[in-house]
Amino acid sequence: MKKQLNMLREFSVPLLAGVVVALVWANLWPQSYHEFNHKRLLGPLDFHFITNNIFMVFFFAIAAAEITESCLPGGDLHPLRRAASPLLATVGGVLGPVAVYLLLNRMFGSPLLAKGWGIPTATDIAIAWLVARLVFGAAHPAVSFLLLLAIADDAIGLAIIAIFYPHPNHLPEVAWLILVAAGMGVAWGLRRARVRNYWPYLVAGGGASWAGLFNANLHPALALVFIVPFLPHPRRERRHLFEEDPEEVSTLATFEHEWKVIVDFGLFFFGLANAGVELSSVGTGTWLVFDALFFGKTAGIFLFAWGGERLGCPLPRGMELRHLLVVGIIAGIGFTVSLFIAGEAFADLQLRAEGRMGAILSIGISLVAIAAGRAMGVRRRS
């Protein structure tokens with residue numbers, strides 16, 4: 001049973017199932033879907049709010065845990081010069097889509113769509129990792145390169161959400177951020193007191209951080225991003241990204257181990273809450289997002305990593321330019337985080353639906369990546 005459950009998680013089946021159910025429901029019974037999504041469940045809180053503002057707190061916390069571990073001595077992002085090439089590719093993977101989005105919007109879009117530039121900056125780690133393993137095999141250096149890129153990409157994505165996408169109808173109330181600082185102070189104090197259980201950090205530190213962000217009109221889903229780095233962890237990281245270390249019992253590792261399963265299966269509800277887009281919603285915003293993810297990501301990653309190699313930051317041993325090109329294509333699968341940003345970028349419901357459809361369609365880039373890998377003669381390494 002455990003093996004089957006792990007396979008469901010590995011192939012992102014819960015998330016994809018949520019997307020399929022939402023698409024079918026929204027297109028066959030749109031009124032019923034809307035009522036379900038916005039009917040009050042807990043006091044004034046509806047299903048959409050609970051999913052995006054409470055459940056997603058833990059999704060972004062898991063991402064923050066991966067980033068924290070990667071930055072420790074022995075981690076994949078330490079020291080920074082060791083990860084220079086994928087980090088340069090990350091910069092290209094953010095600037096490329098933004099440039100393509102804004103350029104295409106200037107040519108074919110409208111000023112109202114300009115705010116969606118952040119949607120194509122993200123890479124869906126889980127699905128990208130799965131596609132990379134299908135194309136390259138588990139032991140190919142391109143897989144680690146992509147994971148490093150995606151983790152750094154997510155870190156930038158978190159910053160973009162926090163800075164550029166406050167509540168669309170209210171100006172940021174910066175004074176409330178003192179609660180975020182207080183939450184971080186509580187977490188620091190708990191660590192100094194050698195508290196090993198992660199719950200006090202989440203409840204006291206995370207609660208203050210969530211309240212601060214919510215009242216500041218910034219996205220509260222990022223609340224634990226400011227708390228997770230304070231969870232006690234070893235001085236040195238012994239594993240690589242997405243690897244399990246059963247001997248690691250630190251507070252940070254325990255939190256990640258216990259919550260990752262919940263998050264992976266809970267993504268069904270995220271897909272259900274956010275992917276209910278009517279097919280008639282396909283419009284200019286859809287193609288801006290999709291083209292920026294497909295062409296912008298691919299070109300940005302390839303050009304910046306190639307330029308870095310020319311300047312003395314070589315690709316990993318065994319990785320060639322054709323592999324880099326395929327990695328760039330795979331990184332164009334924005335999906336989860338892009339879907340999330342699309343929901344925050346636009347107040348207009350039609351534009352929001354168009355952006356979300358572009359994020360959903362980016363799943364199809366996986367088929368292009370697999371075909372490109374075969375056409376370029378990429379050999380899998382198990």
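Within the chain, what whole-number % of the accessible surface is contributed by carbon and sulfur, with the 1.4 Å probe and all protein chains included in the calculation? Write down the numbers at each step before the final one.
Working: 11600 of 17560 Å².
Carbon plus sulfur share of accessible area: 66 percent.
When the chain is treated as a Gaussian network with alpha carbon springs shorter than 10 Å, the biggest mean-square fluctuation among Ala22, Ala342, Ala162 belongs to Ala162.
With N denoting the number of residues in the stretch 249-356, provide Rg(C-alpha) divided by 2.2 N^0.38 Å, to two decimal places. All intermediate terms of the calculation are to be shown ahead of the outcome.
On the way: Rg = 18.4 Å, N = 108, 2.2 N^0.38 = 13.0 Å.
Computed over Cα atoms of the stretch 249-356, the ratio equals 1.41.
Largest accessible area first, the listed residues Ser144, Ser382, Ser250 line up as Ser382, Ser144, Ser250 when surface is computed with a 1.4 Å probe on the assembled protein chains.
The phi torsions of the stretch 86-96, fed into the Karplus equation with coefficients 6.51, -1.76 and 1.60 and a -60° offset, translate into couplings of x, 5, 5, 4, 4, 4, x, x, 9, 5, x Hz, rounded to whole numbers, with Gly and Pro shown as x.
To the nearest 10 square angstrom, what accessible area does Leu351 show with a 1.4 Å probe? Using a 1.4 Å probe on the heavy atoms, I get roughly 30 Å². Taking amide H positions as modeled 1.01 Å from N, with prolines and chain starts lacking one, the residues under 5 Å from Asp46 and 5 or more places away or on another chain are Leu41. From helices alone, the chain scores -19500 deg cm²/dmol at 222 nm; the rule is -39500 (n - 2.57) for each run of n ≥ 4 DSSP H residues, then divide by the residue total. Taken over the chain, lysine pairs spaced eight or more positions apart, or on distinct chains, with alpha carbons under 30 Å apart number 6. Accessible area per residue (1.4 Å probe, heavy atoms of protein chains only) ranks Val195, Val326, Val13 as Val13, Val195, Val326, with the largest value leading.
Which value, in Å², gives the accessible area per residue of the stretch 261-310 when a 1.4 Å probe is used on the protein heavy atoms? Display every interim value, and only then the final one.
Details: 1980 Å² over 50 residues.
Each residue of the stretch 261-310 exposes 40 Å² on average to a 1.4 Å probe.
When the chain is treated as a GNM with alpha-carbon contacts under 10 Å, the residue of Met319, Met107, Met184 showing the greatest mean-square fluctuation is Met107.
Take the Cα atoms of the stretch 63-197, build their convex hull, and give its volume per residue in Å³. Please list the in-between numbers first.
On the way: hull volume 22.5 nm³, N = 135.
Cα convex hull per residue, to the nearest whole number: 166 Å³.
Peptides 95-102, 229-236, 295-302, ordered by how many other C-beta atoms sit within 10 Å of their residues on average, highest first, read 295-302, 95-102, 229-236. If Rh is defined by the Kirkwood formula over all Cα pairs and Rg also comes from Cα, what ratio Rg/Rh do you get for the stretch 190-317? That ratio is 1.07, to two decimals.
The values are calculated or read from the model by the stated rules, or taken from the named source; none is laboratory data. Note that the structure is predicted; figures quoted are calculated from it, not measured. FYI the Cβ positions are ideal-geometry reconstructions off the backbone, even for glycines, and counts take in every protein chain you see. The accessibility values were calculated without ligands, DNA or RNA, using every heavy atom of the protein model including side chains. Shrake-Rupley method; radii C 1.70, N 1.55, O 1.52, S 1.80 Å.
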